[in-house]
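Everything below concerns the one structure shown next.
The values are calculated or read from the model by the stated rules, or taken from the named source; none is laboratory data. What you are looking at is a predicted structure, and each value in this text was computed from that prediction instead of being measured. Note: ideal-geometry Cβ built from the backbone for every residue, glycine included; neighbour counts use all protein chains shown. Ligands, DNA and RNA are excluded from the accessible area calculation, which covers all protein heavy atoms including side chains. Shrake-Rupley method; radii C 1.70, N 1.55, O 1.52, S 1.80 Å.
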Amino acid sequence: MNIVLDLLLLLATIVYSYLESLVKFFIPRRRKSAMGEIVLITGARHGIGRLTAYEFAKQKSRLVLWDIKKIDSNEETHGLQKCLLRGLEAGEMDRLVKYKGSREAVPEKSLQIASYSLTITKKPNPLPSNQKIKKEVGDVTTMVNNTGTVYPADLLSTKDEEITKTFEVNVLGHFSIIKALLSSMMNRNHGHIVTVVSVCSHGLIPYLIPYCSSKFAAAGFYRALTTELKTLGKTGVKTSCLCPVFVNTGFTK
(Lines give C-alpha, C1' and ligand atoms only; values in the text may rest on other atoms or scores of the structure.)
Protein backbone atom coordinates (compact mmCIF):
# COMPACT_ATOMS: atom_id res chain seq x y z
CA MET A 1 0.00 0.00 0.00
CA ASN A 2 2.84 2.39 0.84
CA ILE A 3 4.47 1.67 -2.52
CA VAL A 4 1.25 2.59 -4.34
CA LEU A 5 0.98 5.86 -2.42
CA ASP A 6 4.62 6.67 -3.13
CA LEU A 7 4.10 6.02 -6.85
CA LEU A 8 1.00 8.21 -6.90
CA LEU A 9 2.89 10.98 -5.10
CA LEU A 10 5.76 10.68 -7.59
CA LEU A 11 3.34 10.82 -10.52
CA ALA A 12 1.63 13.91 -9.08
CA THR A 13 5.00 15.59 -8.56
CA ILE A 14 6.06 14.85 -12.15
CA VAL A 15 2.78 16.18 -13.58
CA TYR A 16 3.00 19.32 -11.44
CA SER A 17 6.63 19.92 -12.48
CA TYR A 18 5.80 19.60 -16.18
CA LEU A 19 2.81 21.93 -15.85
CA GLU A 20 4.92 24.46 -13.96
CA SER A 21 7.62 24.31 -16.64
CA LEU A 22 5.00 24.75 -19.37
CA VAL A 23 3.57 27.85 -17.71
CA LYS A 24 7.04 29.36 -17.20
CA PHE A 25 7.90 28.64 -20.84
CA PHE A 26 4.99 30.75 -22.12
CA ILE A 27 5.03 33.25 -19.24
CA PRO A 28 8.71 33.56 -18.32
CA ARG A 29 9.67 35.21 -15.07
CA ARG A 30 11.35 38.57 -15.47
CA ARG A 31 15.11 38.20 -15.17
CA LYS A 32 16.89 40.19 -12.51
CA SER A 33 19.42 42.68 -13.88
CA ALA A 34 22.93 42.58 -12.42
CA MET A 35 24.17 45.62 -14.32
CA GLY A 36 26.25 47.86 -12.07
CA GLU A 37 26.02 45.49 -9.11
CA ILE A 38 29.20 44.83 -7.13
CA VAL A 39 29.47 41.04 -7.18
CA LEU A 40 31.79 39.11 -4.87
CA ILE A 41 32.61 35.56 -5.99
CA THR A 42 34.66 33.18 -3.86
CA GLY A 43 36.64 30.36 -5.45
CA ALA A 44 36.83 32.45 -8.61
CA ARG A 45 39.99 31.13 -10.26
CA HIS A 46 38.49 28.10 -11.94
CA GLY A 47 35.43 25.92 -12.43
CA ILE A 48 32.00 27.16 -11.42
CA GLY A 49 33.42 30.32 -9.84
CA ARG A 50 35.25 31.33 -13.00
CA LEU A 51 32.28 30.70 -15.26
CA THR A 52 30.08 32.60 -12.83
CA ALA A 53 32.46 35.55 -13.11
CA TYR A 54 32.14 35.37 -16.89
CA GLU A 55 28.34 35.40 -16.73
CA PHE A 56 28.29 38.42 -14.40
CA ALA A 57 30.85 40.16 -16.61
CA LYS A 58 28.41 39.84 -19.51
CA GLN A 59 25.85 41.62 -17.31
CA LYS A 60 28.34 44.50 -16.85
CA SER A 61 28.70 43.86 -13.13
CA ARG A 62 31.71 45.00 -11.11
CA LEU A 63 33.57 41.90 -9.95
CA VAL A 64 35.31 41.22 -6.64
CA LEU A 65 37.10 37.88 -7.02
CA TRP A 66 38.37 35.93 -4.00
CA ASP A 67 40.34 32.72 -4.03
CA ILE A 68 42.77 30.82 -1.82
CA LYS A 69 45.41 31.12 -4.54
CA LYS A 70 47.03 34.47 -4.97
CA ILE A 71 45.26 36.60 -7.55
CA ASP A 72 45.88 40.03 -6.11
CA SER A 73 48.83 41.02 -8.29
CA ASN A 74 48.25 43.42 -11.15
CA GLU A 75 49.53 40.92 -13.71
CA GLU A 76 47.23 38.15 -12.47
CA THR A 77 44.21 40.45 -12.37
CA HIS A 78 45.01 41.78 -15.83
CA GLY A 79 45.46 38.25 -17.11
CA LEU A 80 42.16 37.14 -15.62
CA GLN A 81 40.47 40.17 -17.15
CA LYS A 82 41.85 39.29 -20.58
CA CYS A 83 40.77 35.69 -20.05
CA LEU A 84 37.22 36.80 -19.28
CA LEU A 85 37.22 39.14 -22.25
CA ARG A 86 38.08 36.37 -24.69
CA GLY A 87 35.47 34.06 -23.20
CA LEU A 88 37.65 32.27 -20.63
CA GLU A 89 39.66 29.33 -21.89
CA ALA A 90 38.77 27.85 -25.25
CA GLY A 91 37.39 24.64 -23.78
CA GLU A 92 35.17 26.48 -21.33
CA MET A 93 33.90 28.79 -24.05
CA ASP A 94 33.16 25.81 -26.29
CA ARG A 95 30.96 24.36 -23.57
CA LEU A 96 29.17 27.71 -23.23
CA VAL A 97 28.58 27.76 -26.99
CA LYS A 98 27.32 24.19 -26.87
CA TYR A 99 24.68 25.01 -24.26
CA LYS A 100 23.91 28.64 -25.13
CA GLY A 101 24.36 28.50 -28.90
CA SER A 102 26.31 31.72 -29.34
CA ARG A 103 29.45 33.59 -28.35
CA GLU A 104 28.71 36.76 -26.42
CA ALA A 105 31.49 39.28 -26.19
CA VAL A 106 32.22 41.30 -23.08
CA PRO A 107 32.94 45.00 -23.69
CA GLU A 108 36.37 45.76 -22.23
CA LYS A 109 35.39 49.15 -20.78
CA SER A 110 32.50 47.58 -18.87
CA LEU A 111 34.61 44.96 -17.07
CA GLN A 112 35.98 46.03 -13.69
CA ILE A 113 37.79 43.50 -11.50
CA ALA A 114 39.20 43.72 -7.99
CA SER A 115 40.86 40.52 -6.81
CA TYR A 116 42.03 39.33 -3.38
CA SER A 117 43.73 36.27 -1.94
CA LEU A 118 42.37 34.77 1.26
CA THR A 119 42.40 31.58 3.31
CA ILE A 120 39.23 31.53 5.37
CA THR A 121 40.48 28.75 7.65
CA LYS A 122 43.28 30.86 9.14
CA LYS A 123 42.93 32.79 12.38
CA PRO A 124 42.48 35.64 12.91
CA ASN A 125 39.93 36.14 10.20
CA PRO A 126 41.91 37.20 7.10
CA LEU A 127 38.98 38.64 5.15
CA PRO A 128 39.72 42.06 3.69
CA SER A 129 38.08 44.70 5.84
CA ASN A 130 34.81 46.29 4.82
CA GLN A 131 36.58 49.64 4.75
CA LYS A 132 39.19 48.40 2.26
CA ILE A 133 36.64 46.89 -0.11
CA LYS A 134 34.35 49.89 0.19
CA LYS A 135 37.27 52.23 -0.54
CA GLU A 136 38.59 50.27 -3.51
CA VAL A 137 35.34 48.97 -5.00
CA GLY A 138 32.27 49.89 -2.97
CA ASP A 139 29.72 48.00 -0.90
CA VAL A 140 29.20 44.45 -2.13
CA THR A 141 25.61 44.00 -3.31
CA THR A 142 25.75 40.40 -4.57
CA MET A 143 27.65 37.61 -2.88
CA VAL A 144 28.31 34.18 -4.45
CA ASN A 145 29.69 31.78 -1.86
CA ASN A 146 31.26 29.22 -4.16
CA THR A 147 34.35 28.15 -2.21
CA GLY A 148 34.58 24.52 -1.13
CA THR A 149 36.88 21.60 -0.50
CA VAL A 150 36.55 17.81 -0.53
CA TYR A 151 38.63 14.79 0.51
CA PRO A 152 37.21 11.64 -1.15
CA ALA A 153 37.86 8.61 1.05
CA ASP A 154 36.05 6.18 3.27
CA LEU A 155 35.38 7.49 6.77
CA LEU A 156 38.04 5.43 8.56
CA SER A 157 40.70 6.58 6.08
CA THR A 158 39.79 10.26 6.40
CA LYS A 159 42.13 12.21 8.68
CA ASP A 160 40.71 14.32 11.50
CA GLU A 161 42.34 17.46 10.11
CA GLU A 162 40.70 16.81 6.73
CA ILE A 163 37.28 16.58 8.38
CA THR A 164 37.97 19.80 10.29
CA LYS A 165 39.10 21.67 7.19
CA THR A 166 36.07 20.44 5.22
CA PHE A 167 33.72 22.03 7.76
CA GLU A 168 35.85 25.16 8.12
CA VAL A 169 35.72 25.84 4.39
CA ASN A 170 32.30 24.45 3.43
CA VAL A 171 30.34 25.67 6.46
CA LEU A 172 32.17 28.13 8.72
CA GLY A 173 33.46 30.01 5.69
CA HIS A 174 29.88 31.02 4.88
CA PHE A 175 29.48 32.47 8.37
CA SER A 176 32.75 34.45 8.14
CA ILE A 177 32.09 35.97 4.74
CA ILE A 178 28.45 36.82 5.30
CA LYS A 179 29.03 38.31 8.76
CA ALA A 180 31.72 40.54 7.24
CA LEU A 181 29.59 41.85 4.38
CA LEU A 182 25.91 41.44 5.25
CA SER A 183 25.48 44.58 7.35
CA SER A 184 25.80 46.94 4.37
CA MET A 185 23.13 44.97 2.48
CA MET A 186 20.79 45.09 5.45
CA ASN A 187 21.33 48.84 5.95
CA ARG A 188 20.23 49.49 2.36
CA ASN A 189 17.76 46.59 2.28
CA HIS A 190 19.29 45.63 -1.06
CA GLY A 191 21.44 42.69 -2.02
CA HIS A 192 21.56 39.05 -3.03
CA ILE A 193 23.32 36.14 -1.33
CA VAL A 194 23.93 33.02 -3.42
CA THR A 195 24.95 29.88 -1.55
CA VAL A 196 26.54 27.23 -3.75
CA VAL A 197 26.19 23.84 -2.10
CA SER A 198 25.79 20.53 -3.93
CA VAL A 199 23.37 17.78 -4.83
CA CYS A 200 25.06 16.10 -1.88
CA SER A 201 23.03 18.39 0.36
CA HIS A 202 19.96 16.36 -0.62
CA GLY A 203 21.41 12.88 -1.04
CA LEU A 204 24.23 10.75 0.28
CA ILE A 205 27.24 9.43 -1.59
CA PRO A 206 29.66 6.83 -0.23
CA TYR A 207 33.26 7.93 0.42
CA LEU A 208 32.12 11.54 0.83
CA ILE A 209 30.70 11.51 4.36
CA PRO A 210 32.41 14.74 5.61
CA TYR A 211 31.62 16.53 2.35
CA CYS A 212 27.94 15.45 2.31
CA SER A 213 27.58 16.39 5.99
CA SER A 214 29.09 19.83 5.40
CA LYS A 215 26.79 20.46 2.43
CA PHE A 216 23.75 19.50 4.49
CA ALA A 217 24.92 22.07 7.03
CA ALA A 218 25.48 24.74 4.35
CA ALA A 219 21.99 24.17 2.95
CA GLY A 220 20.58 24.47 6.48
CA PHE A 221 22.52 27.71 6.94
CA TYR A 222 20.94 29.09 3.76
CA ARG A 223 17.43 28.18 4.90
CA ALA A 224 17.97 29.66 8.36
CA LEU A 225 19.46 32.87 6.92
CA THR A 226 16.56 33.23 4.51
CA THR A 227 14.05 32.87 7.33
CA GLU A 228 15.92 35.32 9.56
CA LEU A 229 16.09 38.00 6.86
CA LYS A 230 12.34 37.70 6.30
CA THR A 231 11.70 37.90 10.04
CA LEU A 232 13.81 41.07 10.22
CA GLY A 233 11.81 42.58 7.37
CA LYS A 234 14.82 42.72 5.01
CA THR A 235 12.80 41.65 2.01
CA GLY A 236 15.17 43.50 -0.34
CA VAL A 237 18.03 41.14 0.54
CA LYS A 238 17.37 38.08 -1.60
CA THR A 239 18.82 34.61 -1.18
CA SER A 240 19.37 31.70 -3.55
CA CYS A 241 20.74 28.19 -3.09
CA LEU A 242 22.38 26.34 -5.97
CA CYS A 243 22.85 22.57 -5.87
CA PRO A 244 25.06 21.50 -8.79
CA VAL A 245 25.30 17.84 -9.71
CA PHE A 246 28.57 16.26 -10.84
CA VAL A 247 30.61 18.66 -12.97
CA ASN A 248 34.04 18.25 -14.53
CA THR A 249 35.94 21.22 -13.06
CA GLY A 250 39.00 19.47 -11.60
CA PHE A 251 37.56 19.88 -8.09
CA THR A 252 38.19 16.19 -7.44
CA LYS A 253 40.43 13.68 -9.15
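Just check the range 1-57 against the gyration tensor rule for me: Cα atoms, a ≥ b ≥ c as the square roots of the eigenvalues, rounded for a/c under 1.5, and otherwise prolate or oblate depending on whether a/b exceeds b/c.
It comes out oblate by the Cα gyration axes.
Take the cross-link list 32/215; 135/165; 60/135; 159/230 and give me the ones stretching past 30 Å between alpha-carbons.
135/165; 159/230
Can you give me the Kirkwood hydrodynamic radius for the range 143-248, using every pair of distinct Cα atoms, in Å to one decimal? Mind dumping the intermediate values first?
Values: mean 1/r = 0.0690 Å⁻¹.
Here the Kirkwood hydrodynamic radius works out to 14.5 Å.
Quick one: net charge around residue 227, please, counting Lys, Arg +1 and Asp, Glu -1 for every other residue with C-beta under 15 Å from its C-beta.
+3
Heavy atoms only, 1.4 Å probe, whole protein assembly: order 159, 230, 179, 58 by accessible area, highest first.
Order by accessible area, largest first: 179, 230, 159, 58.
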